[in-house]
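Single-structure report; data block below.
The values are calculated or read from the model by the stated rules, or taken from the named source; none is laboratory data. Since this is a predicted model, take the numbers as computed values, not measurements. Don't worry about glycine lacking a Cβ; one is built from the backbone with ideal geometry, like all the others, and counts go over all protein chains shown.
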Amino acid sequence: FASKLPHVGTNIFSVMSQMAQQHGAINLSQGFPDFPVSTELIDRIHHYMKAGFNQYAPMPGVPALREALAAKMNRQYGTALQADAHITITAGATEAIFSTITTLVNRGDEVIIIEPSYDCYAPAIALCGAKSVHIPLQFPELSVDWQKVEAAITERTKLIIVNSPHNPTGAIISAEDMQVLSDLVLRHKLWVLSDEVYEHIIFDGNEHQSVLRYPELAERSVAVYSFGKTFHATGWKVGYTVAPEVLTREIRKVHQFVTFSVNTPLQYALADYLANPKHYEALPSFYQAKRDRFLELVAPSRFKALPSSGTYFQLLSFEAISQEPDTEMAIRLTKEFGIASIPVSVFYHHPTDHHVLRFCFAKSEETLQKAAEVLCKI
Ligand code: PMP
Ligand code: GLN
């Protein structure tokens, strides 16, 4: 039978993490923290499991969690979100993205993606029988060329996917970018999928520019989030969509048959934990300190850091060290030097190699020191 995804192999995160394990390398490739989840949060999960909250959750998510999220976002973004009308709990942001794309995109449609891009957008678009149109982020400024985006819009363009703070580059979208995006979307009647999983991991006093802050844009947008990033628990796979009511209804039809519902005790525990804003407000300074520490530690090396304004990723250029393809450099670094990273070229549709690697700095001081010690010897 014909593969629906003939060009898709095992994803780079699995490949590099496995290679790191095989060679005993320090794993700064796949994005996940190496420090523990809050014991208070874990205690809440135990509490709900022991209290018998172990059967199916309601299909759109536990009401207490959706209420807590509505209250949090209404404070944060000045919105008037309602739990029932706008918020759906999903199996991580990955399901949120898949269900949203499946809801909005038809055979023959075109979807604009800014590249380098996170890896789960294009396959979901392909499974809908649609075409992804990839517009490169300007390099090394890491800014969006909106003229190029507008030039790529055709009658078939249905959706544009944006991601800020941006994986893999750490770039962020500015308020001016949002005005231009809003104008484009309204004029061309497009939909927006806004991947905001790193909403709380943003540095240097910048404010996260959620699509939800812009009422007209929000009417045409689905914003997706993940507790994995915010609470240091990437293995829990709980996320959510925020969408206008008409779209929420349709997204739930898909969600209902992709997963039906999501882990019950975790949802109750997360609802409790969200009640205290301290549990996420410290995140920007926590990760900014990690970024700054990593930059300080690698400063004496021959790697050159690009600006990282958000996420827990730092791009390092190895142009002063070697001209080899970034994929080969990443393999060599893992096997010969014991540091695993992610080659950024794999996030491009058009073959592009800027000789940069992505390093995850969501790591303990000890891990960062050990990694930097090796990087400084290369
Ligand atoms: N979008 C981006 C930009 C991500 O970095 C990730 C996680 N690496 C996801 C979506 C998926 O999130 P989750 O693990 O909650 O499915
Ligand atoms: N989002 C994580 C990263 O960018 C990996 C997620 C995955 O392994 N699928 O590294």
I'm told SER17 meets every condition in (1) of a type outside the set (Lys, Arg); (2) assigned to a loop (DSSP other than H, G, I, E, B); (3) within 22 Å of the chain's Cα centre (by Cα); (4) not assigned by TED's automatic domain parsing to the domain that holds GLU216 except one. Can you identify the failing condition by its number? (2)
Which numbered condition ILE339 misses (of (1) within 16 Å of ligand 2 (Cβ to nearest atom); (2) under 15 Å from LEU297 (Cβ atoms); (3) surrounded by fewer than 21 Cβ atoms within 10 Å (Cβ to Cβ)): (3)
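Identify all residues within the stretch 263-322 that are in a helix (DSSP H, G or I), more than 25 Å from SER29 (Cβ to Cβ) and aliphatic (A, V, I, L, M); write none if there are none. Spell out the reasoning first.
Here is the first cut: in the stretch 263-322, the residues in a helix (DSSP H, G or I) are 264-274, 278-281, 283-298.
Retained after the next criterion (residues that are more than 25 Å from SER29 (Cβ to Cβ)): 264-274, 278-281, 285.
Within the stretch 263-322, LEU266, ALA269, LEU270, ALA271, LEU274 meet the criteria.
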Note on the stretch 28-55: residues farther than 30 Å from LEU375 by Cβ, among the charged types (D, E, K, R) and either free of Cβ contacts under 8 Å to residues at least 12 places away in the same chain or part of a loop (DSSP other than H, G, I, E, B) (or both) are ASP43, LYS50
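For the stretch 349-378, name all the residues that are farther than 22 Å from PRO136 by Cα and among the hydrophobic types (A, V, I, L, M, F, W, C).
Correct list: CYS360, PHE361, ALA362, LEU368, ALA371, ALA372, VAL374, LEU375, CYS376, ILE378.
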PHE98 meets each of (1) within 13 Å of ligand 1 (Cβ to nearest atom); (2) surrounded by fewer than 19 Cβ atoms within 10 Å (Cβ to Cβ) with one exception, condition (2)
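Given the criterion within 13 Å of ligand 1 (Cβ to nearest atom) and surrounded by fewer than 20 Cβ atoms within 10 Å (Cβ to Cβ), identify the matching residue among GLY205, GLY235, GLY170, GLY239. Lay out the reasoning, then the answer.
Numbers: GLY205 fails: within 13 Å of ligand 1 (Cβ to nearest atom); GLY170 fails: surrounded by fewer than 20 Cβ atoms within 10 Å (Cβ to Cβ); GLY239 fails: surrounded by fewer than 20 Cβ atoms within 10 Å (Cβ to Cβ).
None of the other options fit; the residue is GLY235.
For residues that are of a type in the set (S, T, N, Q), in contact with a strand residue (DSSP E or B) (Cβ under 9 Å, 6 or more places away or on another chain) and surrounded by fewer than 23 Cβ atoms within 10 Å (Cβ to Cβ), tally how many sit in the stretch 308-333. Please lay out each step first, then the result.
First, pick out the residues of the stretch 308-333 that are of a type in the set (S, T, N, Q): 308-309, 311, 314, 317, 322-323, 327.
Filter again for in contact with a strand residue (DSSP E or B) (Cβ under 9 Å, 6 or more places away or on another chain), leaving 308-309, 311, 314, 317, 327.
When the remaining residues are screened for being surrounded by fewer than 23 Cβ atoms within 10 Å (Cβ to Cβ), the result is 309, 317, 327.
Counting residues in the stretch 308-333 that are of a type in the set (S, T, N, Q), in contact with a strand residue (DSSP E or B) (Cβ under 9 Å, 6 or more places away or on another chain) and surrounded by fewer than 23 Cβ atoms within 10 Å (Cβ to Cβ) gives 3.
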Six or more apart or on different chains, Cβ under 8 Å: which pairs go from a residue in the stretch 111-127 that's in the same structural domain as HIS188 (by TED's automatic domain parsing) to one that's of a type in the set (Lys, Arg) and assigned to a loop (DSSP other than H, G, I, E, B)? Could you list them? ALA126/LYS4; LEU127/LYS4
